[in-house]
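Asks: Take this structure first; my questions come after.
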Amino acid sequence: MVLDFYKYQGTGNDFVLIDNRGKKYNVLTQEQISMLCHRKFGIGADGLIMLENSNNYDFAMKYFNSDGLESTMCGNGGRCITIFAKHLGIIIDSTVFEAIDGIHKATILSDNNVCLEMTDCTMPKQISENKYFINTGSPHIVIYTEKIDEIDLIKEGKEIRLFENANVNFSEIENGKVKIRTYERGVEDETLSCGTGSIAAAIISAIYNYLPFKNEIEVLTRGGNLKVSFDIQLTNIKKIQLIGQTKKIFCGKIEINDTDLIK
């Protein structure tokens, strides 16, 4: 099989994007998707996203982590597929699309910045003095610490992720902004940025008074800056928006054979 692909990144969170409206790539197996995402044997990416037809909306988003398994919502992936849909001529500057967690609206701003509206979520839960849990489309543990750049994120993140079965975010407040590093499940590594993780850290930072609540919170990831806004209404978090830059990196073709699969 010869696969036509596009490579995009959103603040360093990178994805293989595929136009699957013709259902040609429904036959891809978990092993083949994992190979495509592999940075030595394939294209290399944190995940793979298929753009598919939707009966009621502009398109549907189907997201796979780099382990080849379909996963929960990806915020940066949602921003990238929005730009991808524009490049395919499906939309102009705004869209409504469906994903595994529900319906999302997105607007393309200047300089390829995308504002993605996320689904509502419930209030976070405090696990310990500096450790919290919230599901922002994907489950996240947020841990507040100091000297975030000195943490052995792979070691510490993996241990917590295996116990909690959630993404693990270490967070620190720096000059009124939220600084974050994320260990992502399904990738089983640190990613340069995580959209749903950035939303999680922003919400928890405001609710638990790590920083004063304001209409828009800036989140510093290793791949760039994101902006998060939301409203707190009783027991729910509503009107969640994730804003940040996206970029098409390259496109191409790759041949997939059963013999190419990673053992």
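Asks: Being surrounded by 17 or more Cβ atoms within 10 Å (Cβ to Cβ) and of a type in the set (A, V, I, L, M, F, W, C) is the filter here, so list the residues in region 212-225 that pass it.
Replies: Of everything in region 212-225, those that are surrounded by 17 or more Cβ atoms within 10 Å (Cβ to Cβ) and of a type in the set (A, V, I, L, M, F, W, C) turn out to be I217, V219, L220.
Asks: Between D93, D152, which is free of Cβ contacts under 8 Å to residues at least 40 places away in the same chain, surrounded by fewer than 15 Cβ atoms within 10 Å (Cβ to Cβ) and closer than 24 Å to Y63 by Cβ?
Replies: On the way: D152 fails: closer than 24 Å to Y63 by Cβ.
The conditions single out D93.
Asks: So in region 202-249, with the set limited to residues that are under 24 Å from N130 (Cα atoms) and hydroxyl-bearing (S, T, Y), which one is nearest to the chain's Cα centre (by Cα)?
Replies: T221
Asks: Yes or no: region 157-172 includes at least one residue that is of a type in the set (S, T, Y), part of a strand (DSSP E or B) and either buried (at least 18 other Cβ atoms within 10 Å of the Cβ) or at positive phi (or both). Spell out how you get there, then give the answer.
Replies: Looking only at region 157-172, we keep the residues that are of a type in the set (S, T, Y), and these are 171.
Now drop any that are not part of a strand (DSSP E or B), which leaves 171.
When the remaining residues are screened for being either buried (at least 18 other Cβ atoms within 10 Å of the Cβ) or at positive phi (or both), the result is 171.
Yes, the conditions are met somewhere in region 157-172.
Asks: Here is a check on your reading of the model: is E190 at pLDDT 95 or above, surrounded by 15 or more Cβ atoms within 10 Å (Cβ to Cβ) and either of a type outside the set (G, A, S) or closer than 30 Å to N55 by Cβ (or both)?
Replies: So E190 passes the test.
Asks: Another question, then. Could we say that T107 is free of Cβ contacts under 8 Å to residues at least 60 places away in the same chain, surrounded by 21 or more Cβ atoms within 10 Å (Cβ to Cβ) and assigned to a strand (DSSP E or B) here?
Replies: Working: free of Cβ contacts under 8 Å to residues at least 60 places away in the same chain: yes; surrounded by 21 or more Cβ atoms within 10 Å (Cβ to Cβ): no; assigned to a strand (DSSP E or B): yes.
Spelling it out, it is not the case that T107 is free of Cβ contacts under 8 Å to residues at least 60 places away in the same chain, surrounded by 21 or more Cβ atoms within 10 Å (Cβ to Cβ) and assigned to a strand (DSSP E or B).
Asks: While we're here: Somewhere in region 3-17, is a residue outside any loop (DSSP other than H, G, I, E, B), crowded, with 23+ Cβ neighbours inside 10 Å and of a type in the set (D, E, K, R)?
Replies: Yes: one or more hits.
Asks: Collect the residues in region 197-231 that are touching a residue at least 60 places away in the same chain (Cβ under 8 Å) and either in a strand (DSSP E or B) or charged (D, E, K, R) (or both), keeping them in residue-number order.
Replies: T221, R222, G224, N225, L226
Asks: Mind counting the residues in region 207-263 that are over 28 Å from N112 (Cα atoms) and in contact with a Gly (Cβ under 7 Å, 6 or more places away or on another chain)?
Replies: Step one: list which residues in region 207-263 are over 28 Å from N112 (Cα atoms), which gives 207-212, 232-236, 255-263.
Subsequent filtering for residues that are in contact with a Gly (Cβ under 7 Å, 6 or more places away or on another chain) retains 211.
Matching residues across region 207-263 total 1.
The values are calculated or read from the model by the stated rules, or taken from the named source; none is laboratory data. Values in this document were obtained by computation on a predicted structure and should not be read as measured data. We place every Cβ from the backbone using ideal geometry, glycine too, and count neighbours over all the protein chains shown.
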